[in-house]
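Colleague: Just passing along the structure, written as structure tokens.
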Amino acid sequence: MQKLKALFDAHAWLLILPALLALALIDWAMVRTMLEWSLFGVVLVGMAIIISRLVFPQIDVAELMRQVRMTNTAAGLVVCGLLIFFGLLVLALAGWVKP
């Protein structure tokens with residue numbers, strides 16, 4: 001049930017829906033090409049958020065950040081690992097969709 005809940009994450013959809021709406025309204029050739037790929041990046045980040053929450057549903061980043069502020073080195077390493085994972089996931093999604 002928790003993994004299904006990740007598909008309805010408001011943060012991810014807040015990134016995806018406005019970008020999709022803007023993509024649907026853009027119709028100029030050059031501007032469309034430039035903005036299309038920029039906005040599509042936002043959609044990819046939203047998808048990456050959903051995927052990362054499906055893969056790591058048990059990790060509470062807010063709690064980890066509280067632990068990091070209290071100088072918990074292990075929590076800092078987990079946050080660092082999550083950032084690396086998320087960055088590589090965005091790069092993989094961008095490489096996957098590019099023709």
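Colleague: Using only the alpha carbons, work out the radius of gyration and Dmax of the chain in angstrom.
Modeller: Looking at the chain, its Cα Rg and Dmax stand at 16.2, 51 Å.
Colleague: Can you tell me the accessible area per residue over segment 41-94, all protein chains present, probe 1.4 angstrom, in square angstrom?
Modeller: Ligands and nucleic acids excluded, the result is 60 Å² per residue.
Colleague: Okay, moving on. ³J(HN,Hα) across segment 75-90 via Karplus (A = 6.51, B = -1.76, C = 1.60, θ = phi - 60°), whole Hz, x for Gly/Pro?
Modeller: Ordered by residue, 3J(HN,Hα) equals 5, x, 5, 5, 4, 4, x, 5, 5, 5, 4, 5, x, 5, 5, 4 Hz.
Colleague: May I ask you to compute the full-extension gain from Val55 to Leu82, defined as 0.36 nm times their residue separation minus their alpha-carbon distance, rounded to one decimal in nm?
Modeller: The Val55-Leu82 span can extend by a further 8.6 nm.
Colleague: Using packing as a proxy for protection, rank 82-94, 63-75 so that the peptide with the highest average count of other Cβ atoms within 10 Å comes first.
Modeller: Packing proxy ranking, top to bottom: 82-94, 63-75.
Colleague: Computed FRET efficiency, Cβ-Cβ of Gln67 and Lys5, R0 25 Å: what is it to the nearest 0.05?
Modeller: Working from the Cβ atoms, E equals 0.60.
Colleague: Still on this structure, I have one more. Measure off, as a whole percent, the carbon and sulfur share of the 1.4 Å-probe accessible area of the chain, all protein chains present.
Modeller: Carbon and sulfur together cover 74 percent of it.
The values are calculated or read from the model by the stated rules, or taken from the named source; none is laboratory data. Please read these numbers as outputs of a predicted model, since none were measured by experiment. Cβ sites come from the backbone with ideal geometry, for glycine too, and all protein chains shown count toward neighbours. Calculation scope for accessible area: heavy atoms of the full protein, side chains included, ligands and nucleic acids excluded. Shrake-Rupley method; radii C 1.70, N 1.55, O 1.52, S 1.80 Å.
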